[in-house]
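Quick notes on the structure that follows.
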There are 2 protein chains.
Amino acid sequence: MSEKLVGACIFGQSGGPTAVINASAYGVIKTALEAEAITKVYGAAHGIKGVLDDKLYIMDEEDPEELAYLLHTPSSELGSCRYKIADPDVDDTDYKRILEIFKKYNVRYFFYNGGNDSMDTCNKISRYMESVGYECRVMGVPKTIDNDLFGTDHCPGFASAAKYIATSCMEISKDARVYDNGMITIVEIMGRHAGWLAASAALATAYGSGPDLIYLPEVDFDMDKFLNDVKTVYDREGKVLVAVSEGIHYSDGRFVSEAKTSATDGFGHAQLGGLAAMLAEIVKEHTGAKVRGIELSLLQRCGSHLASLTDINEAFGAGQVAVENAVEGITGKMVAFEREMVDGKYSCKYVLLPLSSVANFEKKVPLEWINAEQNGLTDEFIEYVLPLIQGEPELPKENSLPRYARLKKVIAK
Amino acid sequence: MSEKLVGACIFGQSGGPTAVINASAYGVIKTALEAEAITKVYGAAHGIKGVLDDKLYIMDEEDPEELAYLLHTPSSELGSCRYKIADPDVDDTDYKRILEIFKKYNVRYFFYNGGNDSMDTCNKISRYMESVGYECRVMGVPKTIDNDLFGTDHCPGFASAAKYIATSCMEISKDARVYDNGMITIVEIMGRHAGWLAASAALATAYGSGPDLIYLPEVDFDMDKFLNDVKTVYDREGKVLVAVSEGIHYSDGRFVSEAKTSATDGFGHAQLGGLAAMLAEIVKEHTGAKVRGIELSLLQRCGSHLASLTDINEAFGAGQVAVENAVEGITGKMVAFEREMVDGKYSCKYVLLPLSSVANFEKKVPLEWINAEQNGLTDEFIEYVLPLIQGEPELPKENSLPRYARLKKVIAK
């Protein structure tokens with residue numbers, strides 16, 4: 001345990017929103033507000049951009065009861081960014097500015113909540129502060145629905161998205177099978193490089209009814225095989241439900257969604273998704289069946305009304321553990337999760353990983369968890385994901401609608 | 001009260017699924033199973049088609065506890081159809097067949113659950129049976145997320161869809177405002193001719209955060225005015241959330257979604273929706289902003305995990321009241337809802353309407369509930385819809401996923 005370091009802290013949120021990133025925020029903020037060594041708790045508006053812009057919210061000014069609503073408030077309540085910080089050896093402008101702000105507010109603790117890029121940002125800030133001899137403890141708090149962070153069993157945010165996807169696929173499956181005529185439904189699920197989310201649709205199939213076929217970006221997509229798979233199920237059952245990851249790609253690396261321009265006659269709105277609609281068109285031509293394309297869109301990442309209580313608790317815990325360890329003298333680490341199975345019962349252990357070891361690596365679905373036909377998941381995947389989605393939070397409601405945190409966001413001068 | 005009529009009953013589900021149509025099914029089936037006069041309870045597979053095909057499930061064979069799961073099972077558990085029955089004066093083939101089946105199973109009660117077309121079917125069957133002197137009591141149970149049935153304050157299924165839409169819009173609103181760069185989000189909501197569902201997005205704005213602009217099919221859509229509305233909000237706030245009904249149309253009656261062919265270069269998948277994506281493209285060209293299109297798709301109608309308890313209870317009640325009244329001698333009616341406000345507290349009264357008065361009329365959002373700018377709703381609409389979405393059901397779960405009814409569906413011989 002190192003010497004006691006007294007000063008303010010900054011907490012920031014980065015990358016795409018999740019259903020539970022604000023639970024981590026609450027874990028950091030609550031623990032920091034209670035920590036003796038931490039004199040003031042600032043929340044950066046829009047992540048590192050808020051630090052660079054000197055736009056910090058004073059969390060000490062917030063009503064503690066209102067802060068507790070963060071546990072069930074989706075998206076990043078302090079605002080997020082996708083700002084890519086330069087390498088300090090190439091351009092240290094941003095770092096000088098960050099140091100200036102840190103000095104202005106006597107910031108000695110920096111907590112950053114995000115995915116791969118954010119851990120990279122954390123790592124660079126940590127190294128820079130060390131290089132200039134400014135004592136500041138930097139801790140990363142993981143977050144990503146994509147579940148692709150290296151070194152951790154899973155990532156906060158993933159399980160709630162998985163639960164949203166599985167539940168929605170069960171509902172879609174019920175709906176899509178209601179008529180006695182043929183119907184093929186294609187559901188597009190987020191995940192550009194890792195297929196964890198699309199894979200989670202397998203929960204619906206395992207515990208009710210869900211997709212007959214699931215395609216992940218971990219393996220090459222073959223359009224002919226796909227059409228053949230769909231046709232086989234269609235001929236047998238008259239109904240097909242397909243889940244595809246937005247990141248499915250051909251063997252040459254081209255995303256299937258990018259190839260849509262030629263297939264759909266100039267409809268090339270890459271940012272609007274459209275993979276489901278494009279595949280629907282191709283399947284329709286191939287089978288003559290009625291085909292529907294559904295994009296789960298950003299609801300899958302911000303669906304806090306379907307959040308997993310396990311996920312909420314772990315997200316809170318990750319924030320709490322980051323602060324507790326920083327106060328104890330730890331720096332340059334990301335909080336990670338280790339799975340412990342005791343008598344078949346799942347529990348989550350918090351561990352610390354060097355930031356440098358997690359930044360910029362991507363964890364994918366193990367190939368041995370994908371079935372031989374490459375159109376479904378094995379039981380090992382179900383065993384992996386099932387404990388993570390357990391538990392129903394008591395959702396605060398007003399007028400039977402979600403009641404989210406209403407923060408004052410008093411800006412520090 | 002007429003003479004006691006003893007015999008079997010058939011119950012059928014028709015039209016698009018809802019989150020609570022199976023609650024009505026449970027209301028009918030449970031009450032019918034308990035009714036002394038009703039000797040056997042049959043569920044028609046895929047609505048009237050199941051009657052024509054002699055495919056009837058014996059509800060008496062089902063486990064009563066399993067039937068209770070119908071309260072929280074989305075979609076039409078017995079299967080649905082969109083079969084349009086002929087006018088008996090033009091072609092009575094179907095009616096002769098229905099009579100044959102009714103005689104085969106001694107069916108003296110027919111309960112049909114659906115929207116406008118189904119009430120028409122009900123009405124025609126009722127009149128035919130009367131004309132041939134076959135005593136059979138026919139009752140309609142309303143259902144439609146579109147909320148467009150004539151003569152009833154609201155329709156079972158609407159409120160749960162409204163709650164799904166409002167909750168989802170609150171989540172989308174949180175997500176869409178997370179970055180500090182400009183962003184316009186367009187959400188497409190079901191409703192071809194009546195705008196009740198798109199209007200419900202106004203609940204999100206009233207009780208949290210939701211759409212800035214809402215466009216309904218009750219008024220003509222003007223693309224220039226729409227673009228101007230969006231631009232005005234965008235220039236002021238940098239973020240815009242828009243909700244549009246899929247049924248918005250120009251003053252000449254053309255659906256905006258149908259006009260998309262020319263606007264998007266041949267991408268004409270009418271059945272895939274695509275209005276949101278098309279408007280997103282146009283808005284992007286007009287504003288230069290980042291624009292996202294989201295289609296709530298069929299999840300809005302089958303999202304039973306967000307069902308309104310009020311809706312579930314009323315849907316069950318509608319089924320129950322239909323059976324109770326039929327047993328008492330009533331025929332040729334649809335169960336309807338009358339709103340009663342006692343000391344500012346909402347309650348729902350069941351009334352009976354002649355089938356002939358509801359069939360084939362459409363109830364739209366009153367024009368005086370649409371704001372002067374025709375891009376939002378007034379407080380009167382909020383007061384109308386708010387009581388309907390109240391109450392959270394206790395959802396049966398297994399492994400933290402929905403537990404739906406698992407019926408045996410034993411086919412009558």
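The numbers here are math on the coordinates, done by the rules we state, and not lab data. On a predicted model such as this, the values are computed, not experimentally measured, just so you know. With ideal geometry, Cβ positions are generated from the backbone for all residues, glycine too; neighbour counts draw on all protein chains shown.
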Starting at the first residue of the stretch A:391-401, write each ³J(HN,Hα) from the Karplus equation 6.51 cos²θ - 1.76 cosθ + 1.60 with θ = phi - 60°, in whole Hz, x for Gly and Pro.
-> x, 10, x, 7, 7, x, 10, 9, 6, 6, 10
Hey, got the average number of other protein chain Cβ atoms within 10 angstrom for residues in B:159-165?
-> 1
Extreme residue, positive dipole direction of the stretch B:159-302, given options B:Tyr179, B:Val291, B:Val256 (C-beta unit charges) = B:Tyr179
What ranking do A:Phe111, B:Phe226 get, fewest neighbouring Cβ atoms within 10 angstrom at the top?
-> B:Phe226, A:Phe111
Residues meeting the amide H criterion for A:Lys55 (H placed from the backbone, H to H distance under 5 Å, 5 or more places apart or on another chain) are A:Ala45
Can you give me the Cα centroid spacing of the stretch A:202-235 and the stretch B:153-180 in angstrom?
-> 30
At each listed q (0.27 Å⁻¹), what is the log10 of I(q)/I(0) that the Debye formula gives for the stretch A:319-380 modelled as equal alpha-carbon point scatterers?
-> -1.08
Could you work out the mean projected area of the convex hull around the alpha carbons of the stretch B:159-302, in square nanometres to one decimal?
-> 8.1
Which aspartates and glutamates does B:Lys30 reach when only Cα atoms under 12 Å apart count, and residues fewer than 8 places away in its own chain are ignored?
-> B:Asp60, B:Glu62, B:Asp63, B:Glu65, B:Glu66, B:Glu324
Counting only residues 5 or more places away or on other chains, whose amide H sits under 5 Å from the amide H of B:Leu241 once H atoms are built in the peptide plane?
-> B:Thr185, B:Asp212, B:Leu213
Projected area, mean over directions - the protein assembly as shown, Cα convex hull, nm² = 36.6
For the residue pair B:Glu61 and B:Leu227, what label-to-label distance in nm results when each label sits 7 Å from Cα along the Cα-to-beta-carbon direction?
-> 6.2
From phi via Karplus (6.51, -1.76, 1.60), per-residue ³J(HN,Hα) for the stretch A:205-210 in Hz, x at Gly/Pro | 5, 6, 10, x, 9, x
Springs between alpha-carbon atoms under 10 Å, Gaussian network over chain B: tell me which of B:Met119, B:Met183, B:Met334 tops the mean-square fluctuations.
-> B:Met183
Cut-off 11 Å between beta-carbons: net charge of the residues surrounding B:Ile58, Lys and Arg +1, Asp and Glu -1 = +1
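How would you classify the stretch B:39-157 from its alpha-carbon gyration tensor, with a ≥ b ≥ c the square roots of the eigenvalues: rounded for a/c under 1.5, else prolate if a/b is greater than b/c, otherwise oblate?
Values: a/c = 1.89, a/b = 1.17, b/c = 1.61.
Oblate, because a/c is 1.5 or more while a/b does not exceed b/c.
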Mean Cβ neighbour count within 10 Å, used as a protection proxy, ranking B:362-368, B:374-380, A:238-244, A:199-205 highest first | A:199-205, A:238-244, B:374-380, B:362-368
Rank these for me by crowding, A:Arg137, A:Arg254, going from fewest to most other beta carbons within 10 Å.
-> A:Arg254, A:Arg137
Here, B:Arg254 and B:Thr93, labelled 7 Å along Cα→Cβ, have an inter-label distance in nm of 3.8
Spatially proximal aspartates and glutamates relative to A:Lys225 (Cα-Cα < 13 Å; intrachain offsets below 8 disregarded) | A:Glu373
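If we count other beta carbons within 10 Å of each Cβ, what is the order of A:His72, A:His286, fewest first?
Ordered by Cβ neighbours within 10 Å, fewest first: A:His286, A:His72.
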What is the spread of the Cα atoms of chain A along each of their three principal axes, largest first, in whole Å?
-> 70, 47, 42
Among the lysines, select those whose C-alpha is under 17 Å from the C-alpha of B:Lys413, and discard any that sit fewer than 8 residues away in the same chain.
-> B:Lys40, B:Lys49, B:Lys55, B:Lys103, B:Lys104
Sequence-distant residues sharing a close amide H with B:Lys40 (under 5 Å, placed H) = B:Ala8, B:Cys9
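Ignore the peptide's own chain and count Cβ atoms of other chains within 10 Å of each Cβ in B:117-125; give me the average, rounded.
0
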Taking every residue in B:73-85, how many Cβ atoms of other protein chains lie within 10 Å of its Cβ, on average?
-> 3
